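The structure under discussion appears below in the form of structure tokens.
What follows draws every value from the coordinates through simple rules; no lab data is involved. Predicted, not measured: the structure shown is a model, and the values here were computed from it. Note that we place each Cβ from the backbone using ideal geometry, even for glycine, and neighbour counts take in every protein chain shown.
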Amino acid sequence: MEITGKVVILGPIGVGKTSIPLRYIQKYFFDNIQATVGNSLLRCKLVIDSTTVNLQIWDTAGQERFKCVVPMFYRNANAALFVFDISSMESFQSMQGWVDELKCNFQSAVVTCVIGNKLDLSENREVPTDVARQYAKSINARYYECSAKRDQAIGAIFDYVARGLISLSENTTDHESGNTTNITFRNNRNRTRNDRDNTKCC
């Protein structure tokens with residue numbers, strides 16, 4: 001079976017929205033990466049058990065001046081990753097505005113993750129793990145802390161997203177034909193998954 005899901009990455013500028021997918025897909029990290037202007041699209045294929053999951057990952061601009069155009073990029077999204085910097089309480093609070101933005105403009109259920117990036121700066125932490133985890137729980141999201149710089153927990157995030165997409169595609173996939181399915185969600189639950197990073201990235 002093969003499925004395709006659209007993933008959007010949302011959050012304020014400078015939190016690592018671009019670095020996270022680049023670390024996962026292209027296996028590199030830049031300290032001084034340029035801010036995304038508008039949006040960019042990355043693609044990745046994961047094989048989990050007998051299912052191929054094609055991720056279309058939309059990295060959106062975090063600047064306020066681009067906020068009005070972001071909705072056109074997360075239209076028809078199947079998964080949303082909300083990113084903040086654990087060393088910046090301001091970024092955590094700003095990220096919540098992006099959550100509210102999605103809720104106001106998007107009614108369909110999505111696989112949702114809240115991501116505290118820059119775990120390598122834990123000595124400068126301003127956002128307690130328990131506070132972030134409780135917030136994620138309040139919006140029915142899974143919480144991860146990661147470091148794009150050190151490649152910590154990056155794989156687990158995309159593993160969770162892919163497995164969530166597989167589960168939520170069951171109502172629309174023709175298992176007999178094995179056709180590629182663009183996922184349409186039919187329930188509002190984000191199912192809890194193990195953090196095992198046992199996928200194969202092609």
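Other residues whose C-beta falls under 13 angstrom from the C-beta of residue 120 contribute a net charge of 0, scoring Lys and Arg +1 and Asp and Glu -1. Taking other C-beta atoms within 10 Å as the exposure proxy, 95, 1 rank 1, 95 from fewest upward. Between amide H atoms placed 1.01 Å from N, distances below 5 Å from residue 148 occur with 118, 119, all of them 5 or more places distant or on a separate chain.
The order of 90, 2, going from fewest to most other C-beta atoms within 10 Å of their C-beta, is 90, 2. For the pair residue 47 and residue 129, the difference between a 0.36 nm per residue extended length and the Cα-Cα distance amounts to 26.4 nm.
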